[in-house]
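S.K.: Sharing a structure with you now.
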Amino acid sequence: MGAPPRATAGAVHIGAWNETPALLFSTQLPTDGGTMTVHALQAHGSGGRLSPAEGREPNLNAPPFQANVMPGIHPPTEGLVTPEPVRGCHVQPKDYVWFQESLAHTTAAGLMAFTGSGHATARHLTDRQGRKRFTGLEHAASMSIQDAAHTLLGTEYAGTDHVFRLNGPRVEAFSGVDEEVFRLLARGDVEEYRALVHAGRHVRPRLTFDKDWGGPVSVHADGSVFALRLLPGQDEEPRPGSVH
């Protein structure tokens, strides 16, 4: 007999109990090679915009700060009885500002890490998130060329080149972001970056072949890009009598 399917679950509750959605996702991995099943539960609630309890609006351009949010989802008190916390993470109204600022900075850090810029990544992280790991020499990957810039599909991008072999031929991969996006996040202007990306979210995404670059280019709504091409000479047929 095989082992029964195993499941893992994690929960996030945002806001007062049952007033905004509580999210619970459970992934079931079968042992017989069948289809993976994902269960999702949502509590009833009005959802909507998170209004800070202290009245201060989030300042996404402020440096990220660490908050000690105790784990556990807290059901309401029933009379004189305080129920035990439920396993998970509870973002309460007093934490709304921290939560929104942290999400914005974490997203910005992920985008900057994609370009290979350690210093631009570090400015959006707290010490607990590993800020110090990104403040030394900038090595996004082995066999990489830092601070690369390419024009792809008519737009300037800043990022990192990576060189590797793909079944023999040497391939160049470029990962980066729109230069305007890079400049905004490198100086910590998260608010303007989000406005810029939101305005172009419907027209920016593209997946096509760039003749000038010489390979496929994938542009995402957040301003990031990934492009591949064979290094010069890799697509040529061997000439008779040549040595390879």
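S.K.: What part of the accessible area of the stretch 140-209, given as a whole %, is carbon or sulfur when the probe is 1.4 angstrom?
M.R.: Answer for the stretch 140-209: carbon and sulfur cover 53 percent of the accessible area.
S.K.: Compute from the Cα atoms of the stretch 139-218 the Rg and the Dmax, the latter being the longest Cα-Cα distance, and quote both in angstrom.
M.R.: So, for the stretch 139-218, Rg and Dmax equal 14.3, 44 Å respectively.
S.K.: Would you mind counting up the charge near Glu19? Only other residues with Cβ under 15 Å from its Cβ, with Lys and Arg at +1 and Asp and Glu at -1.
M.R.: +1
S.K.: Now a separate question. If you add up the charges near Glu179, with Lys and Arg at +1 and Asp and Glu at -1, over every other residue whose beta carbon is less than 15 angstrom from its beta carbon, what do you get?
M.R.: -4
S.K.: Right, another one. What's the local net charge at His198, with K and R +1, D and E -1, over the other residues with C-beta under 12 Å away?
M.R.: 0
S.K.: Sticking with this one: As a test of reading the structure, rank Leu80, Leu196 by solvent-accessible area (1.4 Å probe, protein chains only), most first.
M.R.: From most accessible down to least: Leu80, Leu196.
The values are calculated or read from the model by the stated rules, or taken from the named source; none is laboratory data. Bear in mind that the values here come from a model prediction, so they are computed numbers and not experimental data. Note that each Cβ is placed from the backbone with ideal geometry, even for glycine, and that neighbours are counted across all protein chains shown. When the accessible area is computed, the model is the full protein with side chains, heavy atoms only, and any ligands, DNA or RNA have been set aside. Shrake-Rupley method; radii C 1.70, N 1.55, O 1.52, S 1.80 Å.
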